[in-house]
Amino acid sequence: MRKKLKAVIFDLDGVLTDTASYHYKGWKRLADELNIPFDEKANENLKGIDRMGSLNKILESSKCIYSYEEKLALCDKKNRYYQEYIKGITEKDLLIGVNKVLIDLKEKEIKIGLASVSKNAFSVVEKLMIVDYFDYIADANKILKGKPDPEIFMTCAEGLGVKIEECLGIEDAAAGVTAIKRAGMIAVGIGNKGILQEADVVLESLEAFDINEMIERFF
Ligand code: G6P
Ligand code: MG
């Protein structure tokens, strides 16, 4: 029997809105203050990685040793910078194609989930005025293992009440695509084919996402 597409699970940062660039700006500001080299290339490895995990990766290039308490304080500092940058987000900051995809999915009665490990995810989705589209938003505070672990995508499928094989996940980060594939779902990558090699298909943006084509190809 053919499997059926019952849910699409979205990552947030870099998929629905360009907050990935604000995360970068926040980490860059912190790294500069600590005199640690950090650039967009190094940032690519941080995409989809939770806050402490990201800091630990940045500190790999530092000569200093930081205690856990000091690291918590650095995470808080980066988060304050990030919150400053996202203050002015509105529905105008939705990336191209997002609105149409959400409307298409609702029309087709396909469930919509959010799988972001960002503890700021709910507030960003609220600012974007798209909360009502979601049937389930995974709570990043309750996720024990960040991406590339599949936990958040599996939790989301469970929350939506659908089987893993009935889901399609959408991600802009390599770690996120790995998480989707490890969960056993079809993975759509948004961005660079060279970086998102594990994805079943890579699109430049959600503007190129056609739900009928996805169903035909994968379900
Ligand atoms: C997403 C982003 C990461 C970010 C993480 C944690 O996965 O892609 O860049 O570090 O969320 O975000 P938070 O808002 O909790 O610091
Ligand atoms: Mg992302």
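Residue-by-condition table, conditions (1) aromatic (Phe, Trp, Tyr); (2) out of contact with any helix residue (DSSP H, G or I) (no Cβ under 9 Å at 6 or more places or on another chain):
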residue: 141; (1), (2): no, yes
residue: 166; (1), (2): no, no
residue: 171; (1), (2): no, no
residue: 201; (1), (2): no, no
residue: 209; (1), (2): yes, no
- Please determine, by comparing only the residues of segment 144-197 that are of a type in the set (D, E, K, R) and more than 16 Å from the chain's Cα centre (by Cα), which one is nearest to residue 46 (Cα to Cα). 193
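Determine whether residue 155 is crowded, with 19+ Cβ neighbours inside 10 Å, in the same structural domain as residue 122 (by TED's automatic domain parsing), more than 13 Å from ligand 2 (Cβ to nearest atom) and of a type in the set (S, T, N, Q).
Criteria met by residue 155.
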- Message: Here is a check on your reading of the model: is residue 12 crowded, with 20+ Cβ neighbours inside 10 Å, assigned by TED's automatic domain parsing to the domain that holds residue 96, within 8 Å of ligand 1 (Cβ to nearest atom) and more than 12 Å from residue 81 (Cα to Cα)?
- Response: yes
- Residue pairs within 6 Å by beta carbon, gap of at least six or interchain, first lying in segment 78-104 and over 18 Å from residue 14 (Cβ atoms), second assigned to a strand (DSSP E or B), listed first then second, are none
- Message: Consider segment 113-141. How many of its residues are over 24 Å from residue 22 (Cα atoms) and either of a type in the set (S, T, N, Q) or surrounded by 21 or more Cβ atoms within 10 Å (Cβ to Cβ) (or both)?
- Response: 0
- Are there any pairs with C-beta distances below 9 angstrom linking a residue in segment 155-174 that is within 28 Å of residue 194 (Cα to Cα) and within 13 Å of ligand 1 (Cβ to nearest atom) to a residue that is at pLDDT below 95 and assigned to a helix (DSSP H, G or I), with the two at least 6 apart or on different chains, and if so which? 172/20; 173/20; 173/44; 174/44
- Task: All but one of (1) buried (at least 21 other Cβ atoms within 10 Å of the Cβ); (2) of a type in the set (Val, Ile, Thr); (3) within 12 Å of ligand 1 (Cβ to nearest atom) hold for residue 86, so report the exception by its number.
- Result: (1)
- Which of the residues that make up segment 46-58 are without any contact (Cβ under 8 Å) to a residue 40 or more places away in the chain and either more than 13 Å from the chain's Cα centre (by Cα) or in the same structural domain as residue 196 (by TED's automatic domain parsing) (or both)? 52, 54, 55, 56, 57, 58
- Note on the structure: Those residues of segment 104-122 which are in a helix (DSSP H, G or I) and more than 16 Å from ligand 2 (Cβ to nearest atom) amount to 104, 105, 106, 107
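Residues 99, 141: which one is over 17 Å from residue 206 (Cβ atoms) and either assigned to a loop (DSSP other than H, G, I, E, B) or of a type in the set (S, T, N, Q) (or both)?
Answer to the selection: 141.
The values are calculated or read from the model by the stated rules, or taken from the named source; none is laboratory data. The shown structure was predicted, so the numbers you read here are calculated from the model rather than taken from an experiment. As a convention, Cβ positions derive from the backbone with ideal geometry for all residues, glycine included, and neighbour counts pool all protein chains shown.
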